[in-house]
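Let me begin by presenting the structure, written as structure tokens, before commenting on it.
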Amino acid sequence: MLKRKKLIIAYLLIVLPLLDSLLIPPAFGLQWHNAKTMYLFSAYLIPIKLLFVTIGGFLLVKQDRQHHEQPRVWYRKLVDGLIFIVAGVQFIVLAIISGLYLVVGTQADDYQQQGNISVYTSDIGAFGKATHYFSYQCSDDNGFYTLTPIVTLDWLGHFTFSEKGTVLIINHNAHTDKGGQVKQIDLTGFACK
């Protein structure tokens, strides 16, 4: 019975980080405080996931060694082998991501929040073009939020933004050498209940 519990714990330690990484939005889909906070939370979860996967893999190997004394059915060997492969792949990916976070740092500066307006800038310095995702954030009494997309814009260069009444005003310097440009986006219909 104790061996079975250890095996289930090993499976959970390997499968739960995989589910969080692949199927559920990062940090188990929580949306608390703001997008930048949740990004940082998910970034700090990476080494914890790595630890869980390592412990799960260790428990799985330990269980496998103990089961060599007793014959096992073929499907149990297959499941253990597949879970061990999943653990190995996750270990490699999570170790690389953790190393990159240590060397390069996180992308927390790509998130901005001002009032109810949240902005995420993707692909800064990457091979693709940079894009700004403007969203309207509403929070409940417990601090959980929802984001409603407002507009997606191509690279704006250095920019600032503010909300005046029902208008989003974006001052930017993209595509110009002299002075700045202003974009105004109507926010009619965007409000928190």
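General observations
- Selection of region 2-15 for residues being within 19 Å of the chain's Cα centre (by Cα) and modelled with pLDDT under 90 yields an empty set.
- Among the candidates 128, 88, 99, 115, residue that is at pLDDT 90 or above and exposed (fewer than 12 other Cβ atoms within 10 Å of the Cβ): 99
For every residue, the table says whether it meets (1) free of Cβ contacts under 8 Å to residues at least 24 places away in the same chain; (2) assigned to a helix (DSSP H, G or I); (3) farther than 21 Å from residue 33 by Cβ.
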{"residue": "89", "(1), (2), (3)": "yes, yes, yes"}
{"residue": "92", "(1), (2), (3)": "yes, yes, yes"}
{"residue": "118", "(1), (2), (3)": "no, no, no"}
{"residue": "137", "(1), (2), (3)": "no, no, no"}
{"residue": "147", "(1), (2), (3)": "no, no, no"}
{"residue": "152", "(1), (2), (3)": "yes, no, yes"}
{"residue": "168", "(1), (2), (3)": "no, no, yes"}
{"residue": "184", "(1), (2), (3)": "yes, no, yes"}
{"residue": "192", "(1), (2), (3)": "no, no, no"}
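- Qualifying residue in region 56-73 (condition: at pLDDT 85 or above, part of a helix (DSSP H, G or I) and not hydrophobic (A, V, I, L, M, F, W, C)): yes
- Among residues of region 33-53 that are under 18 Å from residue 102 (Cβ atoms) and assigned to a helix (DSSP H, G or I), those with a beta-carbon under 6 Å from a residue that is at pLDDT below 90 and among the hydrophobic types (A, V, I, L, M, F, W, C) at least six positions away or on a different chain give the pairs 40/108; 41/27; 42/27.
- Filter pass, residue 173 being in contact with a Gly (Cβ under 7 Å, 6 or more places away or on another chain) and either under 30 Å from residue 48 (Cα atoms) or modelled with pLDDT under 85 (or both): yes
The values are calculated or read from the model by the stated rules, or taken from the named source; none is laboratory data. Remember, predicted model here, so these are calculated numbers, not experimental data. Every residue, glycine among them, receives a Cβ derived from its backbone with ideal geometry; neighbour counts consider all protein chains shown.
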